[in-house]
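I have placed the structure first, in the form of structure tokens, so that the comments after it can refer back to it.
The values are calculated or read from the model by the stated rules, or taken from the named source; none is laboratory data. In this text the structure is predicted, and so the values were computed from the model without any measurement. A quick note on method: Cβ atoms are made from the backbone with ideal geometry, for glycine too, and the neighbour counts reach across all protein chains shown. Just the protein is used for accessible areas: all its heavy atoms, side chains included, with ligands, DNA and RNA removed. Shrake-Rupley method; radii C 1.70, N 1.55, O 1.52, S 1.80 Å.
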Amino acid sequence: MKKQGIFIFILILVLMFVSGCGETLPSVYVQSVNEIMGYSAAGEYNVCSGIVVAQNETKIERDAERKISELKVEAGQNVSEGDVLFVYDMEEAKLTIDKAELELEQLKNSVTDIEEQIKELENEKKYASSSDQLSYTIRIQTLETDKLEAEYNISVKERELESMKTSIGDGEVRAPISGKVKSINENGAVDEMTGAALPYIVLIEEGAYRIKGTVNELNRRDFFEGQSVIIRSRIDSEQTWHGMIELIESTPDESQNNNNYGMSDEMTSSSSYPFYVQLENTDDLLLGQHVYIEPDAGQNDVQSGLWLNASYVAGSEEEGYYVWAADKNDKIEKREVVIGSIDEEMFLYEIVSGLTGTDRIAFPEEGIREGAPIAETPVATEAYEEEYYDDAQVGGVG
């Protein structure tokens, strides 16, 4: 009986051990260190494309009632302030001025005639009988009223003529700024959206540039107004400019919207939203130049080495630091790391040893245990998403 009892006890222990080994651990989502810190496989920061556009446009309107005798510029041409853009036909303008001067002369002659009539009536009144005095007085007063009206009309016509001569000038319309001719509307085209007439000539100011980029629904939360960004040349990645996102359009750009998998239904399409970057300087930038735009997370300022968002590092200086990493068998392991410098402003730790950029690690969510399997997709828990998003905003997680 004693042997039988020992056997039963051992059997119970074995069953308990087997039961423990069969426990299912929740899977854990991991990403490479490069991905977490916003680096692609090529080692570049997450970017979107952009183009150099004009900061300001100057619209030159034309007088629709006047003919243009000569257009002196063409679209794409560079102009300097004061250059002649186009010239009005002066023949018709001169006829208009001549007509106005003739009308002015007629008004002045009418005043002279009235003055002469008044003089004659005043002389006749001296020798008129007392019964005719009142009639002469009324006629003289009427002529004096006509004279005042004519003198007023003369002053109006003189101002009108002066304004006409000033506005017409020599017929030449000059560029108010130095820049480039963006467009010329010779055929009276109108805005397709508003129906309003388009300006005759549009000039873009020389050197006054900004960057236009586009974000879609998938990466829009990575960009926000007031965010510092780095503009990087497509030709030379070391050539950069700095700026700030001043505006993200709330209305999608229909011309930029794209569909996934070649399908056009609403469930697979992605809307694109234009945004604009105000630059600190525009040295060496060219209008129409294509560039890359990336969030400025201090990547140009960080020293060489591996820098990781601090929210992914657990432990303490006294007990030692560690991360939850994927081992070679795609299981979670608790891996010790050595911390070097700390960038408190950017919320980054320098990893001296224990981790490489290609290693995959998990966000240290509560409940992670060693031996847990790797999840193929992110863990969709509210706590994880909120904490991850907050850390991304603070630490620049891509």
Residue-wise HN-Hα coupling along the range 137-142, computed from phi with Karplus coefficients 6.51, -1.76, 1.60 (Hz; x: Gly, Pro)
4, 5, 5, 5, 5, 5
Please give the FRET efficiency for ILE177 paired with SER237, using the beta carbon to beta carbon distance and R0 = 41 Å, rounded to the nearest 0.05.
0.80
Determine, for each peptide in 166-174, 119-127, the mean count of other beta carbons within 10 angstrom over its residues, then list the peptides with the highest first.
166-174, 119-127
At LEU25 and ALA197, where each label point lies 7 Å from the Cα along Cα→Cβ, what is the point-to-point distance in nanometres?
7.6
Sparsely packed trypsin sites (Lys or Arg not before Pro) within the range 307-369, loop by DSSP, other Cβ within 10 Å at most 16:
LYS328, ARG369
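At 1.4 Å probe radius, can you tell me the per residue accessible area of the range 64-169 in Å²?
Values: 7340 Å² over 106 residues.
Solvent-accessible surface per residue comes out at 69 Å².
Let's test the formula: R0 of 22 Å, r as the Cβ-Cβ distance of ILE51 and ASN187. What FRET efficiency results, to the nearest 0.05?
Step by step, r from the Cβ atoms, then E = 0.20.
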Suppose each label sits 7 Å from its Cα in the direction of the beta carbon; what would the GLU122-THR356 distance come out to in nanometres?
11.4
If you take the beta carbon distance between LYS328 and SER80 as r and set R0 to 51 Å, what does 1/(1 + (r/R0)^6) give as a FRET efficiency, to the nearest 0.05?
0.15
Multiplying the sequence separation of GLU101 and ARG369 by 0.36 nm and subtracting their Cα-Cα distance, what value in nm do you get?
86.7 nm
Using amide H atoms built in the peptide plane, which far-off residues or other-chain residues are under 5 Å from VAL79 H to H?
GLY179, LYS180, VAL181
Residues listed by number, the range 305-335, amide nitrogen under 15 Å from ILE342 label point at 7 Å toward C-beta
308-322
Give the long-range amide H neighbours of ALA372: residues separated by 5 or more places, or on another chain, with amide H under 5 Å away, using H modelled in the peptide plane at 1.01 Å from N.
ILE332
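At 0.36 nm per residue, minus the direct Cα-Cα distance, what do ASP253 and GLU160 gain on full extension? Give it in nm, one decimal, please.
In short, 28.7 nm is gained.
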Contour minus Cα-Cα span, VAL87 to LEU286, at 0.36 nm per residue, comes to 68.6 nm
Highest mean packing first, using Cβ neighbours within 10 angstrom, the peptides 190-200, 213-223, 134-144 sort as 213-223, 134-144, 190-200
